[in-house]
Amino acid sequence: MAKPNYEYPLDLDWSQDEMVKVTTLYSLVEDAYEKGVDRANLQAAYAAFKAIVPDKGTERQLDRAFEQASGYSIYRVMKTAQGASTTRVRMKEEPRGPKDTRSKR
């Protein structure tokens, strides 16, 4: 299944390496909803993300922007991964769907 076309929320002040690490987490979160992911890989990607975005406020802003664009929640995926007893994380709930930000006339 092809992934929908939307932009990941990124900070233009990040280095290319940092952007790759953040987009890796975004991609794994998408995969957790769509097909399931290895829990250890997801947790490693989240640790790399937290090294780039250490404060909770910025993390929440990025999560909200990502969820608005994609319908996928980093928070919900990581919460599921923390409580998982298996090696794979697969979200059972459907993504919320991207919010339409166009004005309604």
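Values quoted throughout were computed directly from the atomic coordinates according to the rules given, and no laboratory measurement underlies them. None of the values given here were measured: they were computed from a predicted structure. Here the Cβ positions follow ideal geometry from the backbone for every residue, glycine too, while neighbour counts run over all protein chains shown.
Of all residues in segment 69-85, exactly one satisfies the criterion of being under 12 Å from Tyr46 (Cα atoms) and among the small types (Gly, Ala, Ser), namely Ala81.
Kindly indicate whether Asp31 is of a type in the set (Asp, Glu) and touching a residue at least 40 places away in the same chain (Cβ under 8 Å). When the stated conditions are applied, Asp31 does not pass them.
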